[in-house]
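Asker: Can you keep this structure in mind? I'll have questions shortly.
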Amino acid sequence: MASVHESLYFNPMMTNGVVHANVFGIKDWVTPYKIAVLVLLNEMGRTGEGAVSLMERRRLNQLLLPLLQGPDITLSKLYKLIEESCPQLANSVQIRIKLMAEGELKDMEQFFDDLSDSFSGTEPEVHKTSVVGLFLRHMILAYSKLSFSQVFKLYTALQQYFQNGEKKTVEDADMEQTNREEGERKMEKEELDVSIREEEVSCSGPLSQKQAEFFLSQQASLLKNDETKALTPASLQKELNNLLKFNPDFAEAHYLSYLNNLRVQDVFSSTHSLLHYFDRLILTGAESKSNGDEGYGRSLRYAALNLAALHCRFGHYQQAELALQEAIRIAQESNDHVCLQHCLSWLYVLGQKRSDSYVLLEHSVKKAVHFGLPYLASLGIQSLVQQRAFAGKTANKLMDALKDSDLLHWKHSLSELIDISIAQKTAIWRLYGRSTMALQQAQMLLSMNSLESVNAGVQQNNTESFAVALCHLAELHAEQGCFAAASEVLKHLKERFPPNSQHAQLWMLCDQKIQFDRAMNDGKYHLADSLVTGITALNSIEGVYRKAIVLQAQNQMSEAHKLLQKLLIHCQKIRNTEMVISVLLSVAELYWRSSSPTVALPVLLQALALSKEYRLQYLASQTVLNLAFAQLILGIPEQALSLLHMAIEPILADGAVLDKGRAMFLVAKCQVASAASYDPPKKAEALEAAIENLNEAKNYFAKVDCKEQIRDVVYFQARLYHTLGKTQERNRCAMLFRQLHQELPSHGVPLINHL
C-alpha cells in the first residue's frame, strides 16, 4: 500500500478517522461511514433476487444515490434508513459491521480484498462504469494507497464509529419503549428524510470533492426554493467554515456563504464572502480556462455588478452606483454586451424614482430582446407594467403587456417568472380595487406551484411570489371578516417562511396590519397603538399612517393632523399616490369630526381627482362616500343620495365588509334626512326602508366585530322605531345600545357624526 504523497498538502492529516491529503487533491477517500455503505452494497450483491422483494429493491436503489453523494452520517441513522427500505438487509448489514468492528484488522483487509470480486465473471454483479461501480473502484484505489499506520487508524475509527452507533441505537430503543408506555409513539417523517440534516453533517470530517459539490448544490437549491429545509444560518455557516478550513480557495463555498449571510441581513459578512468568491475564481483560473484571456476581466466586471446589487439590496445606493459605474467601465472596455444589459437593468432600479426612468427601462427591454436575453427582457416588461400601473394606465393595456411577457416565459420555460407575473397581476387587481380578480389570480398561483415539484421532494413554493400571493389571500379574507381563514393562511406562511427567512417580513407586516384593523374595529385603541411600533419597523410610511389613525380615534386631533400633514408631504415627494389619497381621506375626516365639513370638501375633491387620474376605482368609491357624507352634514341629503348611487355598486361588489357596512349605514342616514319633508305615509315607507338598510349594515359590522359602529346603528334604529311607534323593537335596540355604550365609551364624540 503506497503512502499518500506528502506534497499534496503540508502533511498527511487524520481527522475523525479520515485519511486525507489536500482536501480536493484526490477525488475520494475511505471513512468508517463509507465502509458501512460498502458493506450495504456487498450485502445487496450477495442477496438473491428471491430474498428481497421488487419494491424493497426499488427503495434500496432510490436510497443509494443520496448515501453515495451525501456527507457521512451516523451509523444509527444509516441503520434506520436501510431498515425503512428493507428490514432484512438492515439486520445483515448490522451483523456484518459488528463482526468486522469487534474482530481483527485482517477482517477489514479481507473485506476490501473481496470487493474486487464484484467486477469479476462474465456477468459481474456491478458494472465498472456504473455509479456504484465507480464508487467501489474509488474506494478500493483510495484504500490501496494507505500506509499501514493509516490503515490502523482507519480501523480504530471504524471501531469508534460502531460503538457510537450502538450507544445511539440503545438510547433510541429506550426512548421508543418510554413513548410506547405513555401511548405517544410517533414517527416523524423528517426522521427518515434523506436530505442533509444538521446531525448528519456534524458527524462527518472534511468532505471529499464530490460530497462538497453535492452539499453546496443541494443547499443552494434549498435556499432558492425551500429555505425551511436548508440548514439553519448558523449551522450552514459552521459547515462552510469547516469546508473552507481545509480548502480556502473553494470559490463555490464562498458564494454559498454569501447567500447564507444575505438570509440574516449581515452586510459585512456577505460583502466579505462575495469578494472572496471572485478573488478565488480568478486565483483558481476557472474563469480563464472557460473563457480564454477574457476570464480575468469577466470576473472583475461581474464582481463589481454583484457588489452593486448587494449594496442596492441593503439600501446603500451611493455605493451601489459607484460599483455599477466600475462594472460599466470594465464591460465597455471588454465590449461585453450581456454584462452591459445587466448594468442597464440595475441603472433603472437605482433611478426608478426619476420621471424619465421609463425611457431607460424601455431601452433595456429592446436591447435584451435584441441580444437574446429572455430573462432580462421579461423582468424589464414586469417592471414597466408595475411602473405604468402606478402611473394610472388602464388595466387592459397592462394585462396585454403581461400576456406578452407570459409568452416569453412559456417559450423559454422560465417558471420562476411565471410565478412573478401572476403575483404581479394579483397586486395590480388589488391596486385597482378588484378583489375578486385578485383572489382568482392568487389561487391560480397557489394551484400552479402545488403541481411543480423540485428534486428531493422540495416544492418550489417558498419563493417571494408565493409569499406575496399568500399575504394578499390573508388580507382579502380578513377584509371579508373571515378571520379564522386569514389566521390559517398566516399560520401556513409562518411554517413556510420562518422568522429568520428572507421573505418573513412580508407576512409579519400582513399579520400586524390585520391585528391592527381588528383592534381598531373592536375599539381597543391601546392595543392598536402597541402594534404601531411593529408596523413602523417593517414599513415606516404605513406605521406613521396607522399612528395618525389611532390618534384620531382617541380624539387627539391636533397631533393627528400634524402627523398626517408631514406624511402627505413625504408621500407626494416620493410619488406614493395610493397613500396620498388615503392620507387626504383621513385629513377630511379630521375636518368634519372637528365640525368643519366645508373645509373637508376641497380635500375630498383633490383625493377624487387623484383617484380618477390614476384609475384607483376602490379609493375613488371611498372618496365619493366621504363626499356624500360631507353633503349630508351640510344639509343636502338628496345630492348625497344621488352620489351614493354612483359609488355603492363597486363597494358592494369588491369592497371590504367594513366599507359595505359604512355604505349601507350612510344610505340609511340619507334616506332618513331626505324623508323629513315627505308626507306621513311616504315618510313611514322611507323610514322602513332605512331600517332594512340599517339591519344589513349591522350584519356587515357584526362580521368584523366592529362594536362601535354596531352601537351607532342600534341607536339610530331605536330612534327610527320610536318615530314609527314600534315600542318593543325600540326597547330592544335601546337595550343593545346601552350594553355597547357601557362597554365602549364615546370619548366625547357626538354619535352619528362620523362615517
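The values are calculated or read from the model by the stated rules, or taken from the named source; none is laboratory data. Here the structure is a predicted model, which is why all the values come from computation and not from measurement. Cβ atoms come from the backbone with ideal geometry, glycine included; neighbour counts cover every protein chain shown. Protein only, heavy atoms only, side chains kept; ligands, DNA and RNA dropped before computing areas. Shrake-Rupley method; radii C 1.70, N 1.55, O 1.52, S 1.80 Å.
Asker: All but one of (1) farther than 25 Å from Ala588 by Cβ; (2) touching a Leu at 6+ places or on another chain (Cβ under 8 Å) hold for Leu644, so report the exception by its number.
Answerer: Checking Leu644 against (1) farther than 25 Å from Ala588 by Cβ; (2) touching a Leu at 6+ places or on another chain (Cβ under 8 Å), the one that fails is (1).
Asker: Does region 225-242 hold any residues that are in a helix (DSSP H, G or I) and in contact (Cβ under 8 Å) with a residue 60 or more places away in the chain, and which are they?
Answerer: Within region 225-242, Asn225, Glu227, Thr228, Lys229, Pro233 qualify.
Asker: Let me ask something additional. Which of the residues spanning region 50-108 are of a type in the set (Asp, Glu) and farther than 30 Å from Leu236 by Cα?
Answerer: Glu56, Glu102, Glu104, Asp107
Asker: Right, here's the next one. Taking the options Ser586, Ser582, Ser621, name whichever one is farther than 27 Å from Ser558 by Cα, in contact (Cβ under 8 Å) with a residue 24 or more places away in the chain and part of a helix (DSSP H, G or I).
Answerer: It is Ser621.
Asker: Still on this model: Can you tell me how many residues within region 47-91 are out of contact with any Gly (no Cβ under 9 Å at 6 or more places or on another chain) and not in a loop (DSSP other than H, G, I, E, B)?
Answerer: So the count comes out to 27.
Asker: Let me ask something else about it. Open to solvent by less than 60 Å² (accessible area, probe 1.4 Å) and farther than 27 Å from Ala653 by Cβ, is that true of Ala560?
Answerer: yes
Asker: Also, I was wondering about something else. In region 637-668, which residues are among the small types (Gly, Ala, Ser) and either more than 35 Å from the chain's Cα centre (by Cα) or open to solvent by 10 Å² or more (accessible area, probe 1.4 Å) (or both)?
Answerer: Correct list: Ala640, Ser642, Ala647, Ala653, Ala656, Ala663, Ala668.
Asker: Only residues that are of a type in the set (Ser, Thr, Tyr) and open to solvent by 40 Å² or more (accessible area, probe 1.4 Å): list them for region 34-86, please.
Answerer: Ser53, Thr74
Asker: Let me ask another. Check off (1) modelled with pLDDT under 75; (2) outside any helix (DSSP H, G or I); (3) open to solvent by less than 30 Å² (accessible area, probe 1.4 Å); (4) not β-branched (Val, Ile, Thr) for Glu200 and give me the number that stays unchecked.
Answerer: Among (1) modelled with pLDDT under 75; (2) outside any helix (DSSP H, G or I); (3) open to solvent by less than 30 Å² (accessible area, probe 1.4 Å); (4) not β-branched (Val, Ile, Thr), Glu200 violates only (2).
Asker: Residues of region 383-421 being in a loop (DSSP other than H, G, I, E, B) and in contact (Cβ under 8 Å) with a residue 24 or more places away in the chain, which ones?
Answerer: The answer is Ala391, Gly392, Lys393, Thr394, Leu414.
Asker: With part of a helix (DSSP H, G or I), at pLDDT below 90 and farther than 23 Å from Ala656 by Cα as the only criterion, which of Gln742, Gln728 stands out?
Answerer: Gln742
Asker: Another question, then. For Arg280, indicate whether it is within 21 Å of Phe215 (Cβ to Cβ), assigned to a helix (DSSP H, G or I) and modelled with pLDDT under 85.
Answerer: Yes.
Residues checked against (1) over 21 Å from Glu649 (Cβ atoms); (2) buried (at least 16 other Cβ atoms within 10 Å of the Cβ); (3) without any contact (Cβ under 8 Å) to a residue 24 or more places away in the chain:
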| site | (1), (2), (3) |
| --- | --- |
| Leu567 | yes, yes, no |
| Lys573 | yes, no, yes |
| Leu604 | no, yes, no |
| Ala607 | no, yes, no |
| Lys612 | no, no, yes |
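Asker: In region 323-340, which residues are touching a residue at least 12 places away in the same chain (Cβ under 8 Å) and either surrounded by fewer than 19 Cβ atoms within 10 Å (Cβ to Cβ) or among the aliphatic types (A, V, I, L, M) (or both)?
Answerer: If the condition is that a residue be touching a residue at least 12 places away in the same chain (Cβ under 8 Å) and either surrounded by fewer than 19 Cβ atoms within 10 Å (Cβ to Cβ) or among the aliphatic types (A, V, I, L, M) (or both), then Ala323, Leu324, Glu326, Ala327, Ile328, Ile330, Ala331, Glu333, Ser334, His337, Val338, Leu340 are the ones that fit.
Asker: Anything in region 483-510 that is in a helix (DSSP H, G or I) and in contact (Cβ under 8 Å) with a residue 24 or more places away in the chain? List them, or say none.
Answerer: Listed by number, the residues that qualify are Phe483, Ala486, Leu490, Leu493, Glu495, Arg496, Gln505, Leu506, Trp507, Met508, Leu509, Cys510.
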